[in-house]
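Below is one structure, written out as structure tokens, with a few remarks after it.
The values are calculated or read from the model by the stated rules, or taken from the named source; none is laboratory data. The model shown is predicted, which means the values in this text are computed figures rather than measured ones. We place every Cβ from the backbone using ideal geometry, glycine too, and count neighbours over all the protein chains shown. To get the accessible areas, we keep the full protein, side chains included, count just its heavy atoms, and leave off ligands, DNA and RNA. Shrake-Rupley method; radii C 1.70, N 1.55, O 1.52, S 1.80 Å.
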Amino acid sequence: MKWKTEDGGWSPYLAGALVGVLAIVSVYATTQWMGKTNYLGASTTFVRAAGLLERTVVPDRVAANEYFSKEKVRIDWQFMLVLGIFFGALIASTTDKSFKLESVPPTWQERFGPSIGKRAVGAFLGGIVAMLGARMADGCPSGHGLSGMMQLSVSSFIALAMFFGTGVVVAGCLYKRRGS
Amino acid sequence: MSIDQLLGLITGILFGFFLQKGRVVRFDKQVGAMLLKDMTIVKFMLSAILVGMVGIQLLADASIIALSHKAMNLGGILVGGALFGCGWAVTGFCPGTSLGALGEGRWHAVFAIAGMVVGATVYAECYPFFKSTILAWKNFGKIGLAEVFGISPWLIIPIFWAGIIWLFVWFERKNL
């Protein structure tokens, strides 16, 4: 087993294990310093971002919304964590030269061609559906997939199986060329 | 910046760093796993879970932290999980990795992020409807695997480890 990949990345086993350590340190640190155990997650932040944006246009509507009130529209620990992911990936990729401007990913291009417009529409619509699902399931591959699985939560086992199972079926239909 | 926000930012930077180093944030790795051709993200996730579950269970046993299961809401998990899978296959990013993909220059992730913000708005606006329909089917509450089987989590963890290590060996043999 190699610790480095051909393009200078780290073995996914190593990088993943380090995220496991980070998750442990993070639950400990949040409990100590914030008085409440916080688990790694990402999708609730999109609700808060949506609320912050909608509030600039229709503040009363956001204030009256049951879901926004429940999730509390504010820039909290998780919001900063999600922003941090951007900076962490930026630092990692620019220091090992894996940073690359990409408008259409290879797998997509093979099936749907080099059109940026098509990719943009796909990414946008897919993003809408994915987030609707993540909020309905109350978690994404971070909240359910990592944090929930680490706690042996029943809901997370089933959610992760649904995420991946449906993803396999849909990706299989979508990206495999007919006849191959 | 408050201590909460600072702590979140530092945790997020490390999280994003490891995600990018593991090469799991990009579209081709995410879709590669769904096409069962490249198991990088599966290896990454399961490795994180194996390590994390031991530490978190130890801290919970020592009453240093509190476990926080997400509710086993049947409709939410099944319908939401399936919707997520459909959208994930098309957009090629999950909420966390979309920001990471943007960070490593895969700028088409902005369309995915914009879609996710719109999706969150739609969900918030339609929440009363979902609450009275899909989310109202059956809620088993915040349950853990150990309570359901009535056994110690320390019996489940070694079984889980053994199963996953076996899977890793199989991945390496098949060059996945």
Search the range B:1-36 for residues being modelled with pLDDT of 95 or more and not in a helix (DSSP H, G or I), and hand back the single one that is most open to solvent (accessible area, probe 1.4 Å). B:Leu36
So which residues in the range B:37-59 are among the β-branched types (Val, Ile, Thr) and either surrounded by fewer than 24 Cβ atoms within 10 Å (Cβ to Cβ) or more than 7 Å from chain A (Cβ to nearest Cβ) (or both), if there are any at all? B:Ile41, B:Val42, B:Val51, B:Val54
Can you go through A:Tyr67, A:Tyr13 and tell me which one is of a type in the set (Ser, Thr, Tyr), under 29 Å from B:Leu46 (Cα atoms) and within 7 Å of another protein chain (Cβ to nearest Cβ)? A:Tyr13
Selection over the range A:1-57 where residues are farther than 30 Å from A:Val73 by Cβ and of a type in the set (A, V, I, L, M, F, W, C) yields a count of 8
Any chance you could count how many residues in the range A:16-43 are open to solvent by 20 Å² or more (accessible area, probe 1.4 Å) and either touching an Asp or Glu at 6+ places or on another chain (Cβ under 7 Å) or in a helix (DSSP H, G or I) (or both)? 10
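Yes or no, residue by residue, for (1) at the interface with chain A (Cβ under 7 Å from one of its Cβ atoms); (2) open to solvent by 50 Å² or more (accessible area, probe 1.4 Å); (3) in contact with a strand residue (DSSP E or B) (Cβ under 6 Å, 6 or more places away or on another chain); (4) on the phi < 0 side of the Ramachandran plot:
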site: B:Gly103; (1), (2), (3), (4): yes, no, no, yes
site: B:Tyr123; (1), (2), (3), (4): yes, no, no, yes
site: B:Glu147; (1), (2), (3), (4): no, yes, no, yes
site: B:Ile157; (1), (2), (3), (4): no, no, no, yes
site: B:Gly163; (1), (2), (3), (4): no, no, no, yes
site: B:Trp166; (1), (2), (3), (4): no, yes, no, yes
Of all residues in the range A:70-106, how many are closer than 17 Å to B:Gly105 by Cα and either more than 7 Å from chain B (Cβ to nearest Cβ) or not hydrophobic (A, V, I, L, M, F, W, C) (or both)? 13
So, in the range B:69-78, how many residues would count as being open to solvent by 60 Å² or more (accessible area, probe 1.4 Å) and closer than 14 Å to B:Gly144 by Cβ? 0
Within the range A:103-148, tally of residues that are at pLDDT 95 or above, part of a loop (DSSP other than H, G, I, E, B) and open to solvent by less than 10 Å² (accessible area, probe 1.4 Å): 3
